[in-house]
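A short write-up of the structure that comes next.
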């Protein structure tokens, strides 16, 4: 997978966590190759994109971090993720990270990429079956808990 795409999504994740939810992100671990089945920590949102190539971005957070993200976005304490309004916070953060990354890629490489609306889910023992795209997972952390991002891309060249 093209390292420019990976680096762009990592940087957008770091930037949007700081700008939108006032959380400092630290990256840890190596880039891990995508698995046949992506075990979800607690809550995830996914945004697909297409244009000169296609792919998707997944943000996967633990429950406490999800609550912190939504509380910071809404400027009030959030006690549950099990309603549409609160889950929309995770969805909005994921959509903004994806939009920032895709805008950067489009502005630099004229890729004509467009985003699909995000999908968000929360619960125990969730998983995402591997789609037929090359993907990488990056483990990250904040003071409020760990999370991971998964980036998958197929087709086209951006360079």
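The values are calculated or read from the model by the stated rules, or taken from the named source; none is laboratory data. Note that this is a predicted model, so its numbers are computed, not measured. No Cβ is skipped: glycine too gets one built from the backbone with ideal geometry, and neighbour counts run over all protein chains shown.
For residue 45, only one of the following conditions fails: (1) surrounded by fewer than 21 Cβ atoms within 10 Å (Cβ to Cβ); (2) over 17 Å from residue 111 (Cα atoms); (3) touching a strand residue (DSSP E or B) at 6+ places or on another chain (Cβ under 8 Å). What is its number?
The number of the failed condition is (1).
Just need a number here: residues in the range 2-50 that are on the phi > 0 side of the Ramachandran plot and either assigned to a helix (DSSP H, G or I) or touching a residue at least 60 places away in the same chain (Cβ under 8 Å) (or both).
1
Name the one entry in 38, 65 that is at pLDDT 95 or above and touching a strand residue (DSSP E or B) at 6+ places or on another chain (Cβ under 7 Å).
Result: 65 is the single residue among 38, 65 that is at pLDDT 95 or above and touching a strand residue (DSSP E or B) at 6+ places or on another chain (Cβ under 7 Å).
Which of the residues that make up the range 51-72 are more than 16 Å from residue 91 (Cα to Cα) and part of a loop (DSSP other than H, G, I, E, B)?
Within the range 51-72, 51, 52, 53 qualify.
Might you check whether a residue that is at pLDDT 95 or above, surrounded by fewer than 19 Cβ atoms within 10 Å (Cβ to Cβ) and assigned to a loop (DSSP other than H, G, I, E, B) occurs anywhere in the range 117-124?
Within the range 117-124, one or more residues are at pLDDT 95 or above, surrounded by fewer than 19 Cβ atoms within 10 Å (Cβ to Cβ) and assigned to a loop (DSSP other than H, G, I, E, B).
Is the range 31-40 home to any residue that is over 13 Å from the mean Cα position of the chain (by Cα) and under 23 Å from residue 80 (Cα atoms)?
Among the residues of the range 31-40, at least one is over 13 Å from the mean Cα position of the chain (by Cα) and under 23 Å from residue 80 (Cα atoms), which makes the answer yes.
Taking the range 73-98 as the search range and keeping residues that are touching a helix residue (DSSP H, G or I) at 6+ places or on another chain (Cβ under 6 Å) and not in a helix (DSSP H, G or I), which one is modelled with the lowest pLDDT?
This residue is 81.
Step by step: first the residues of the range 99-116, then only those that are exposed (fewer than 14 other Cβ atoms within 10 Å of the Cβ) and part of a helix (DSSP H, G or I), then the one that is modelled with the lowest pLDDT. Which residue is that?
Across the range 99-116, the extreme among qualifying residues is 108.
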